[in-house]
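First the structure, in the form of structure tokens, and then the observations on it.
The values are calculated or read from the model by the stated rules, or taken from the named source; none is laboratory data. Since the structure is predicted, the reported quantities are computational estimates derived from the model, not experimental observations. Cβ placement follows ideal geometry from the backbone for every residue including glycine, while neighbour counts extend to all protein chains displayed.
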Amino acid sequence: MLRLPLVRFFETSFGRVHDRTFMLVRLDGGGVTARGECVADNDPYYSPETVDTAWHITAEFLAPLVLGVEFAHPREVFPALRRVRGHHMAKAAVEMAAWDLWARQAGRPLADVLGGTRARVAAGASIGIQDSLEQLVDRVGAELAEGYQRIKIKVKPGWDLDAAAAVRERFPDVPLMVDANAAYRLDDVEHLAGFDRFGLMMIEQPLDYDDIRDHAALQRRIATPVCLDESVHSVRLGRDAIDAGACRIINVKPGRIGGHGESIRLHDLCASRGIPVWHGGMLESGIGRAHNLHLSSLPNFSLPGDVAASRRYYDPDLIDPPIEVAPDGTIPVPQGLGIGVCVVEDRVERATIRRKEFRA
Ligand code: OSB
Ligand code: MG
């Protein structure tokens, strides 16, 4: 378990954070070392999981199910954890490390074994709630100057239509979207229809974190495409959401649905139903960020994701060189073995606050 200070605070409808405490999973096997990053937060505000529940579940329940077990393919890992209900973020950290291990053992980049088809992915910037609209507009300008291909702003009641209007006034044509992190109710439909005049790419997760039905009702009454994040916490719920007409776009976060294998299944399902996906972000360090880049190289990730440069989050990051965005707003998928980034062990060491080792 590590703690790292954020370069700048990040505020969503559920609160402001200045640092992140998160869990890394390291796997050693077959002569190689692999890593996964758990995206569970300190607080159960985005999802019910926290860094402490992830630690508990991993140590007490997941580790015994994988240690010393022979897997022919990392796709077998998520089903092997089935007895443990939920806890997808904890499971994903283990499962994603297994994919890194497999790719390294095979001498291939992770993107290759995941089925990636592009060498560079489109980067977008997610901008938190600011102290003033002027600061927001300045932040948008700064991100656009870095090359980011789309801007997402966080919204909540009291920081929503005015925020979108301020950005639109200054940047009339920028690809723009908003993310409410479940801050509204279906009763707010008239208010949410107010976003329609800004020509947004989408509104992300306007209603409750486990709702599908009300999102379907909302989507019938607003023009802006609804994108689901929190509500799609499994592949099956993704299917249910599409069937119900609850969204036209889905944000894929492997931590939310249980890892790379489940993300590929959701990606393929969406492709077959004509639903574009994009890769979400959870303020990851370079390790989780590298995983996300590899997964984003699959073909139906057709919209820019919340995959951005390391230095927006941590400076220094746990990896060197850091992940950077090119002036055209793309990030190259790392070329080396596995996740293909170089972990700086003494930075990991210095940020570590708790450690536990298991042997078969
Ligand atoms: O809803 O997408 C979200 C960060 C933490 C928790 C939830 C979300 C986010 C982001 C940040 O939007 C995306 C990023 O990593 O830049
Ligand atoms: Mg979101």
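Quick look at the values:
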read-out: Residue match in the stretch 166-176 (condition: crowded, with 16+ Cβ neighbours inside 10 Å, of a type in the set (Gly, Ala, Ser), under 16 Å from LEU136 (Cβ atoms) and away from ligand 1 (no atom under 16 Å from the Cβ)); value: yes
read-out: Filtered residues of the stretch 86-135 (kept if farther than 30 Å from GLU11 by Cα, part of a helix (DSSP H, G or I) and among the hydrophobic types (A, V, I, L, M, F, W, C)); value: ALA98, TRP99, LEU101, TRP102, ALA103, LEU110, ALA111, VAL113, LEU114
read-out: Criterion (without any contact (Cβ under 8 Å) to a residue 12 or more places away in the chain and in a helix (DSSP H, G or I)) met by exactly one of ALA145, ALA166; value: ALA145
read-out: Given (1) free of Cβ contacts under 8 Å to residues at least 24 places away in the same chain; (2) within 14 Å of THR12 (Cα to Cα); (3) of a type outside the set (A, V, I, L, M, F, W, C), number of the condition ARG197 does not satisfy; value: (2)
read-out: Hits in the stretch 183-214 (condition: away from ligand 1 (no atom under 16 Å from the Cβ) and among the acidic types (Asp, Glu)); value: ASP187, ASP188, GLU190, ASP196, ASP214
read-out: Subset of the stretch 25-53 (residues that are among the charged types (D, E, K, R), touching a Ser or Thr at 6+ places or on another chain (Cβ under 9 Å) and buried (at least 18 other Cβ atoms within 10 Å of the Cβ)); value: GLU37, ASP41
read-out: Residue in the stretch 276-287 that is away from ligand 2 (no atom under 16 Å from the Cβ), in contact (Cβ under 8 Å) with a residue 40 or more places away in the chain and part of a loop (DSSP other than H, G, I, E, B) present; value: yes
read-out: Inter-residue pairs, beta-carbon under 7 Å, first among the aromatic types (Phe, Trp, Tyr) and in the stretch 294-308, second within 16 Å of ligand 2 (Cβ to nearest atom), 6+ apart; value: PHE301/VAL277; PHE301/TRP278; PHE301/HIS279
read-out: In the stretch 337-360, the residues that are of a type outside the set (Lys, Arg) and within 21 Å of GLU95 (Cβ to Cβ); value: LEU337, GLY338, ILE339, GLY340, VAL341, VAL343, VAL348, GLU357, PHE358, ALA360
read-out: The stretch 329-351 residues that are free of Cβ contacts under 8 Å to residues at least 24 places away in the same chain, paired with ones that are of a type in the set (Asp, Glu) and surrounded by fewer than 19 Cβ atoms within 10 Å (Cβ to Cβ) (beta carbon under 7 Å, 6 or more apart); value: CYS342/ASP320
read-out: Residue within the stretch 158-168 that is in contact with a Phe, Trp or Tyr (Cβ under 7 Å, 6 or more places away or on another chain), more than 13 Å from ligand 2 (Cβ to nearest atom) and not hydrophobic (A, V, I, L, M, F, W, C) present; value: yes
read-out: For ALA360: the one exception among (1) closer than 18 Å to GLU143 by Cα; (2) more than 16 Å from ligand 2 (Cβ to nearest atom); value: (1)
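Residues checked against (1) in contact with a helix residue (DSSP H, G or I) (Cβ under 8 Å, 6 or more places away or on another chain); (2) more than 27 Å from HIS233 (Cβ to Cβ); (3) at pLDDT below 95:
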| residue | (1), (2), (3) |
| --- | --- |
| VAL277 | yes, no, no |
| ASP306 | no, no, no |
| ALA326 | no, yes, no |
| ILE331 | yes, no, no |
| CYS342 | no, yes, no |
| GLU345 | no, yes, no |
| VAL348 | no, yes, no |
| ARG359 | no, yes, yes |
